[in-house]
Amino acid sequence: MGLFSQRPFSERTATWLHQSGLHPLLARLYAARGLESPEELSLDLKQLLSPVELKNCISTASLLADILEQKEPMLIVADYDCDGATACAVGLRGLRMLGGPDTPIQFLVPNRFTMGYGLTPEVVELAAQQIPKPKYLITVDNGIASEAGVDRARELGMEVIVTDHHLPGDRLPNATAIVNPNQPGCNFPSKALAGVGVMFYLLVALRAELRKRGKFTNENQPKIENLLDLVALGTVADVAQLDRNNRILVSNGLKRIRAGVTQAGIQALFQAAVRDPRKANTFDLGFAIGPRLNAAGRLADMTLGIRLLLTDKTDEAITLAHELDRINRERRVIETGMQEAALAHLAEDQLAGTMAQRTSICLWNPEWHQGVVGIVASRLKERFNRPTIVFAPADGSTGEELRGSGRSLTGFHLRDALDLVSKREPGLILKFGGHAMAAGLTIRKQDFDKFDACFQEVASGLLSDELLERRHTHDGALEAAEFTPEIGDLLAEEIWGQGFPQPIFYGEFEITQQSLMKEKHLRLLVRPLGSAEGQSTSKPLTAVWFNRTQTLPPKAKLAYRLVTDRYQGQARVQLMIEAHDESTGS
C-alpha cells in the first residue's frame with residue numbers, strides 16, 4: 001500500500017526544453033527534476049564549478065606543489081568504502097601523474113573491525129611505522145572529525161591534510177589544511193561533492209598551480225580528467241546528491257568508460273559483473289560495480305579494492321576483480337541469512353500484534369556479521385518503512401559490545417535522534433556518528449533492550465503518521481508508442497541518482513500471465529490499458545517484480561521502471577515493477 005502521487009512539473013519549462021532539442025519525454029522528466037532552462041542541459045566539463053570557491057583548495061594545492069618539488073614522503077589514509085577507495089586511487093594516481101612516477105607516496109586503509117572509522121590515534125601509530133615514515137598524511141573521505149588522530153600525528157612529527165565531505169563536529173581538527181565543502185565558511189556552491197570529488201578538485205587546483213610554476217603547459221599537462229571514471233564510480237556508489245556539478249563529473253566519467261578510456265580495474269569489474277562497459281550507466285555503477293568494490297571493505301580489507309584500482313596490468317586486474325566478485329557473493333549469502341533471520345523475528349512480532357505499534361526497528365543476533373548490518377538495515381527499512389538499526393557483536397570487544405548501523409526515512413534525522421537518546425540516557429550509547437539518513441553506533445550488549453525502548457520512544461515522538469505512510473512518487477503514464485527499446489536506451493544513457501531520481505512511471509495493466517522465477521521473483525506478461533476506454537493498446541510486455549511472490553489481480557495499477565533487455569542480439573522492452581497501487585481496487 002502507500003500513497004501514489006505524480007511528480008509535478010511546469011508544462012512551460014518542458015515545452016521550452018523540448019524546443020531546445022530535447023526528446024519530449026526527457027523534457028518532461030527534466031522539468032519535473034527542477035531544470036529551468038536549456039542552458040542547464042549542458043554537462044560539458046567546462047561547466048564545472050571553479051576550485052577557487054572551495055575553501056583552502058588553492059592554498060592546499062600550493063602546499064602540495066611544494067611537497068612534490070621537495071619529494072617529501074606522503075601517505076594517503078583512505079576510508080574502507082567505495083568513495084574512500086576511489087578517492088585514494090584518484091589521489092595516488094593524480095599525485096604521481098603531477099609529481100612524476102617516483103613521487104614518494106603510499107596508502108593505508110584502517111581495518112573497519114579493529115580500528116574504527118577515520119584517522120584514529122591507532123591509525124596514526126600505524127602510519128608512523130611505514131617506511132619511509134611519511135612527513136604528510138592526506139586523509140580522503142574522512143578526517144573532519146579526527147581531532148585526536150590529528151593531534152597524535154603532530155606529536156609524532158607528521159602533518160595532516162584533511163580532504164573530506166562529511167559534516168564537521170563542534171570543533172575542527174588542528175590540521176595543516178582542510179578541504180571540505182561542508183566546513184564552516186566554505187562558499188562552494190555545491191555541498192554535494194563526494195570524497196572522491198573533493199580529491200579531484202584538489203588535483204585540478206594543483207595542476208593549475210604547477211602550470212603557473214612552469215612545470216607544465218596546457219599542451220603537455222597530465223590528463224587528470226582521465227581519472228573521472230573513478231570519480232563517477234565513487235560519487236554514484238556513495239549515493240551523493242546528483243546536483244548539476246556532480247552530474248557533470250558523473251557524465252564525463254561514464255563517457256570515458258563507454259569509450260574504453262578507463263582504468264584496467266574498472267574494466268575488469270565490468271567483466272566480473274557481466275556488464276557491457278560500452279553501455280555503462282549510473283545503475284551499473286551503483287548496483288553492480290560499487291557493491292563488488294564495497295564487498296572488500298565489508299568482509300575483508302579494502303586494500304584489495306584499492307590495489308585493483310591502481311593496477312595497469314590487465315591480468316592482475318582480472319584476478320583481483322574475480323576475487324572481489326567471490327567476496328561479494330559471500331557477502332550476499334551472509335546478507336540473505338541475516339535478512340531471513342530478521343524477517344522471522346519480525347514475523348513473530350507481527351503474530352504477537354506488536355509490530356503495528358512500532359515506529360522503529362532494532363535487532364541484533366550473536367551470529368550476525370558487523371560488515372553487513374548496514375545493508376540489512378537498509379533492506380528492512382525499505383520493506384517496513386521504519387527507521388531501522390541492526391546490530392552485530394563488535395570485533396575485539398570480547399562479545400560485550402554491539403556495533404550497529406542504521407538507516408532512516410526522509411523527515412527523520414537519524415543522527416539527531418541518536419543524539420536525543422544519548423542526552424536522555426547518558427552513557428547508554430558508547431559512541432555514535434552519521435547523518436540524516438544513515439548512522440553508526442556502539443552500545444553494550446546488556447543495554448540492547450534499554451536502547452531499543454529509548455530509541456522507540458524518541459521515534460514515536462518525532463514520527464507522524466504521515467511520515468510513516470509509504471509514499472510512491474512517479475512520473476505519470478507512458479504513451480503506448482513509448483514502450484520501445486529505444487526509449488529504454490534513451491533513459492539508460494541519462495545521469496540519474498540521488499536527488500535526480502531515476503524515472504518511475506505509472507499506469508494500468510492487464511495481467512495476462514504470471515509465474516515465479518527461482519521461487520522468489522514474480523515474472524509477468526502485461527498489456528498497457530488505455531486510460532479512457534480501458535482497452536489494451538499494445539502487445540504484451542515482459543515485466544519482473546524482484547523479491548515478490550504474491551500474485552497480482554487480472555488488472556493492476558503499477559509503478560515501474562522501463563528498461564531495455566538484450567538477449568541473443570535481440571532488444572526488447574521490459575518493465576521492472578516497483579509497487580502496486582491497491583487503493584483503487586485495481
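General observations
- Residue check for Lys255: of a type outside the set (A, V, I, L, M) and either in contact (Cβ under 8 Å) with a residue 24 or more places away in the chain or closer than 19 Å to Gly197 by Cβ (or both): yes
- The listed residues are Leu119, Leu98, Leu75, Leu92, and the only one of them that is free of Cβ contacts under 8 Å to residues at least 60 places away in the same chain and closer than 25 Å to Thr235 by Cβ turns out to be Leu119.
Residue-wise test of (1) in a loop (DSSP other than H, G, I, E, B); (2) at pLDDT below 95; (3) under 28 Å from Gln498 (Cβ atoms); (4) not assigned by TED's automatic domain parsing to the domain that holds Asn218.
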position	(1), (2), (3), (4)
Lys133	yes, no, no, no
Arg152	no, no, no, no
His165	yes, yes, yes, no
Gly169	yes, yes, yes, no
Leu172	yes, no, yes, no
Asn187	yes, no, yes, no
Gly197	no, no, yes, no
Leu202	no, no, yes, no
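- Close Cβ contacts (under 6 Å, 6 or more residues apart or on different chains) running from residues in segment 430-441 that are free of Cβ contacts under 8 Å to residues at least 12 places away in the same chain to residues that are β-branched (Val, Ile, Thr) and part of a strand (DSSP E or B) comprise Lys431/Thr442.
- Near pairs, Cβ below 6 angstrom, 6+ apart or cross-chain, from segment 561-581 (under 24 Å from Arg471 (Cα atoms)) to any residue that is in a loop (DSSP other than H, G, I, E, B): Arg561/Ile504; Glu578/Ile504
- Selected residue (only one of Asp325, Asp312 is at pLDDT 95 or above and either aromatic (Phe, Trp, Tyr) or outside any helix (DSSP H, G or I) (or both)): Asp312
- Selected residue (only one of Ala352, Ala439, Ala344 is modelled with pLDDT under 95 and in contact with a helix residue (DSSP H, G or I) (Cβ under 9 Å, 6 or more places away or on another chain)): Ala439
- Checked against (1) surrounded by 20 or more Cβ atoms within 10 Å (Cβ to Cβ); (2) at pLDDT below 95; (3) outside any loop (DSSP other than H, G, I, E, B), Glu122 passes all but a single condition, namely (1).
- Selection count where residues are touching a residue at least 24 places away in the same chain (Cβ under 8 Å) and either assigned to a loop (DSSP other than H, G, I, E, B) or among the polar types (S, T, N, Q) (or both), scope segment 14-35: 2
- For segment 135-150, the tally of residues that are aliphatic (A, V, I, L, M) and either assigned to a strand (DSSP E or B) or within 20 Å of Asp301 (Cβ to Cβ) (or both) stands at 3.
- Of the residues in segment 249-265, at least one is closer than 21 Å to Ile306 by Cα, among the charged types (D, E, K, R) and in a helix (DSSP H, G or I).
- Those residues of segment 212-247 which are surrounded by fewer than 22 Cβ atoms within 10 Å (Cβ to Cβ), of a type in the set (A, V, I, L, M) and touching a helix residue (DSSP H, G or I) at 6+ places or on another chain (Cβ under 7 Å), in sequence order: Ile224
- Residue in segment 421-436 that is loosely packed, with under 15 Cβ neighbours inside 10 Å and closer than 21 Å to Arg572 by Cβ present: no
- Applying the set (1) closer than 21 Å to Gly305 by Cβ; (2) assigned to a loop (DSSP other than H, G, I, E, B); (3) at pLDDT 95 or above to Thr114 leaves exactly one unmet item: (3).
- Scanning segment 128-154 for residues being free of Cβ contacts under 8 Å to residues at least 60 places away in the same chain and surrounded by 24 or more Cβ atoms within 10 Å (Cβ to Cβ) gives a total of 5.
- For Asp102, the conditions (1) assigned to a helix (DSSP H, G or I); (2) surrounded by fewer than 17 Cβ atoms within 10 Å (Cβ to Cβ) are fulfilled apart from (1).
The values are calculated or read from the model by the stated rules, or taken from the named source; none is laboratory data. Here the structure is a predicted model, which means the values were calculated and not measured. As a convention, Cβ positions derive from the backbone with ideal geometry for all residues, glycine included, and neighbour counts pool all protein chains shown.
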